[in-house]
Amino acid sequence: MTHDLNYLRDEWLHTGMPLSHFYPLLAAYGGSERHYHGVGHIHWLLGAANRYAWKVALARPVLTDAELRRIRLAIFYHDLVYIAGNPDNERASASLAHFAISTQLGDLELAGAVQADILRTRDHFAWGDTEDFETRILLDVDLAGLGAPWEQYQRHTQQIRLEFSNADDAAFRIGRIAFLERALATPVLYRTDLAQRLWELQARQNMGRELSELNGGEHAGD
């Protein structure tokens, strides 16, 4: 799959970070082991965030440049370190984000906010009472792929399977079923009203159908 690198570069420049940091970051996401959590994932999330921001502006005064910058930075850095199944991915990515933003932009408040946002992506289904608007948008767009059309959802699942190539089919199936059951047991997947309208129903249909297939049943939603 090809990606619009000019779009990614322009999105990066909107964060105020130097291009000298963009190319190593892009190389990290372009690793051969990155079948899902790669450049395409970042491209998808940035597009979702921008479409979301435009729609939100219809019901909200407008997203400020500062809000969008924080969301973009969190997207760019949130999977910078990724080893399939490693529980420390988000912690390492968040630390690198904090260091880069604090040293290059000199903004400790922004660095801390982005670090906290990335750490929240460790568990999308543990809701907090103090999540602010930027955090909620990041978490929602990070799950936007669950609400993609079924064929695209299937491709994402196949890409995730490739990232877990060291796991046999039985082990992957058990882990995937556990993820789907926990997600489907969550009363609401998305934290903002707009995301719920955009993706909630399709996401539940997709996951229900996949779970049914994994359990050897009929396709949910057929």
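The values are calculated or read from the model by the stated rules, or taken from the named source; none is laboratory data. Remember, predicted model here, so these are calculated numbers, not experimental data. Note that each Cβ is placed from the backbone with ideal geometry, even for glycine, and that neighbours are counted across all protein chains shown. Areas reflect the complete protein model, heavy atoms only, side chains present, ligands, DNA and RNA absent. Shrake-Rupley method; radii C 1.70, N 1.55, O 1.52, S 1.80 Å.
For log10 I(q)/I(0) by the Debye sum over Cα atoms at q = 0.10, 0.14, 0.18 Å⁻¹, the choices are (i) -0.45, -0.90, -1.49; (ii) -0.49, -1.04, -1.80; (iii) -0.39, -0.81, -1.41; which was calculated from the structure? Of the listed options (i) -0.45, -0.90, -1.49; (ii) -0.49, -1.04, -1.80; (iii) -0.39, -0.81, -1.41, (i) comes from this structure.
A dipole drawn for the stretch 157-222 from +1 and -1 charges on Cβ atoms has a positive end, and of ALA171, GLN158, ALA195 the residue lying farthest that way is ALA195. The mean sequence distance of close C-alpha pairs (under 8 Å, at least 6 residues apart), as a share of the length of the stretch 102-222, puts its relative contact order at 27 percent.
Across the stretch 72-152, C-alpha contacts under 8 Å between residues 6 or more apart give a mean separation that, scaled by the residue count, equals a relative contact order of 26 percent. The charge dipole of the chain, taken about the Cα centre with unit charges on the Cβ atoms of Lys, Arg (+1) and Asp, Glu (-1), comes to about 200 debye, rounded to the nearest 20.
Grouping the Cα pair distances of the stretch 65-105 into 10 Å bins from zero gives a pair-distance distribution of 30, 51, 18, 2 percent in increasing distance order. Think of a 1.4 Å ball rolled over the protein heavy atoms: the stretch 13-170 then has 47 Å² of accessible area per residue. Once the chain from ARG122 to ASP65 is taken as fully extended at 0.36 nm per residue, the excess over their C-alpha distance is 17.9 nm. Counting only heavy atoms of the protein chains and using a 1.4 Å probe, ASP65 has close to 130 Å² of accessible surface. Find the relative contact order for the chain and round it to a whole percent, using C-alpha pairs within less than 8 Å whose residues are 6+ positions apart. Relative CO of the chain lands at 18 percent. Rounded to the nearest 20, the size of the Cβ-charge dipole of the stretch 111-222 about its Cα centre is 100 debye, with Lys and Arg at +1 and Asp and Glu at -1. Charged side chains reduced to their Cβ positions (Lys and Arg at +1, Asp and Glu at -1) give the stretch 45-175 a dipole of some 340 debye around its Cα centre. Pairwise inverse Cα distances across the stretch 1-77, averaged and inverted, put the Kirkwood hydrodynamic radius at 13.1 Å. Helix content alone sets the calculated 222 nm mean residue ellipticity of the chain: runs of n ≥ 4 DSSP H residues at -39500 (n - 2.57) each, divided across all residues, give -20000 deg cm²/dmol. Counting only protein heavy atoms and using a 1.4 Å probe, what share of the accessible area of the stretch 40-152 belongs to carbon plus sulfur, as a whole percent? The nonpolar share, carbon plus sulfur, comes to 56 percent. Extension gain for the segment THR130 to ALA185, taken as residue separation times 0.36 nm less the Cα-Cα distance, is 17.6 nm to one decimal. Between the alpha-carbon centres of the stretch 49-116 and the stretch 153-185 there is a gap of 26 Å.
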